[in-house]
Every structure is written in C-alpha cells, then in structure tokens.
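Read the structure below first, then the notes.
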Amino acid sequence: CHPMAGSEKSGPQAGTHDLFSDKKCFVSPGKKSARKKITAAVRFWKALGAVPVVMSAKEHDRVMAVVSCFPQMVSSALVASLAGKKNLSSVKKYAGSGWRDTTRIAGSDEKIWAPIFDENKKNLLPLLARLQHLLIEMEWALKTGDLQKIRGMMRVARRGALKE
C-alpha cells in the first residue's frame, strides 16, 4: 500500500488527524495475494478516509514516476541550480507564492527520495530525457527570439496544469 498523503516534512511529528482524508492510497497486490487480503486493505484505507486505488506494482511505479518522483526531482534540481549563489538569497528574500509552490517539495528528505529514484529509474529516465529536450528547445527559442515557440510550449503546459 502507498498512501499519497503528507508533505515535504517527515517523521511522526509531521502527522495530522486528517492525514489520509480524501487522499489516494494505491494498493498493489502481489501475484499470490488473496482477494480477501486485498479487500481488507481497501476497507482499512477507506476507514482512515483515504480513497483506495487497486493497481499492479508495475503500473504503480509508472504512475508514481510521473506524479511523484519526477516533480520531486525537478523541484530539487531547480533549487539546487541556485544553491550557493547570490540568486538563492534573493529568491528567499523576494520570492512569492509561485516559487514556494514550485519548490516546496525540494525540502523533502534526500535519505527517503534517493533510493526511491534509484528503484524507479526505468520510469524516470525517459521523463528526464524529455524534460532536457524541452529545456534545450526553450533555451534555443529564447536565444533566437522565437516567442511563438515559447508561447506554444506554455500553452501546452497550461492545458496540463492542475488548477485548484
């Protein structure tokens, strides 16, 4: 089981009374898992207020690469790209909610995340390659003044963005 709950904070002190309320919890049965055990797991998570989703471990890893691991890597890389530079002190001094929203998860514990990245690298590496390609395209568009290209990329991103 993998509940999608919590924040960038870790440990028991990060828990809250409604930690699992309306949060997805992936239940990934093994090949020999008894139907009765799967049903019990689903019932358990529902009792905690979670929304259980049953899927194979392979599908779970693919989904987690996209919705969890990849954003964690990107946020961490974004903040690390400014580490030790004057820019980072300016960011901390002047940044608003956009920077906070984009980088909050960069405060997560690397001892937890590094092994997860390693375990799911098969699914992460193609995502990173695609991002690198798009960053190079955006860099080239900026260098050449191709605002049409930048607008097009941003339109695609806006259509895929989650809104509250």
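The values are calculated or read from the model by the stated rules, or taken from the named source; none is laboratory data. Not measured: the values here are computed from a predicted model. Positions of Cβ are backbone-derived with ideal geometry, glycine not excepted, and every protein chain shown enters the neighbour counts. Ligands, DNA and RNA are excluded from the accessible area calculation, which covers all protein heavy atoms including side chains. Shrake-Rupley method; radii C 1.70, N 1.55, O 1.52, S 1.80 Å.
Observations on the structure shown:
- Three-way shape call for the range 23-66 based on the alpha-carbon gyration tensor, with the a/c threshold at 1.5: oblate
- For the range 83-164, with +1 on Lys and Arg beta carbons and -1 on Asp and Glu, the positive-most of His133, Ile105, Val156 along the dipole: Val156
- For the chain, the longest piece that avoids every one of the trypsin sites (Lys or Arg not before Pro) found in DSSP loops with at most 12 other C-beta atoms within 10 Å covers 86-162.
- Lys pairs, the range 1-67 - Cα-Cα below 16 angstrom, 8 or more residues apart or on other chains: 6
- The accessible surface of the range 38-164, taken with every protein chain in place and a 1.4 Å probe, is 62 percent carbon and sulfur.
- Helix 110-119 and the long axis of the chain differ in direction by around 80°, with both axes built from C-alpha atoms.
- At q = 0.09, 0.11, 0.14, 0.18 Å⁻¹ the log10 of I(q)/I(0) for the chain amounts to -0.42, -0.62, -0.95, -1.36, computed by Debye summation with a single uniform scatterer per C-alpha, solvent ignored.
- Cα gyration tensor, the range 38-98 - rounded (a/c under 1.5), prolate or oblate: prolate
- In the context of the full set of protein chains, residues of the range 6-97 present 69 Å² of accessible surface per residue (probe radius 1.4 Å, heavy atoms only).
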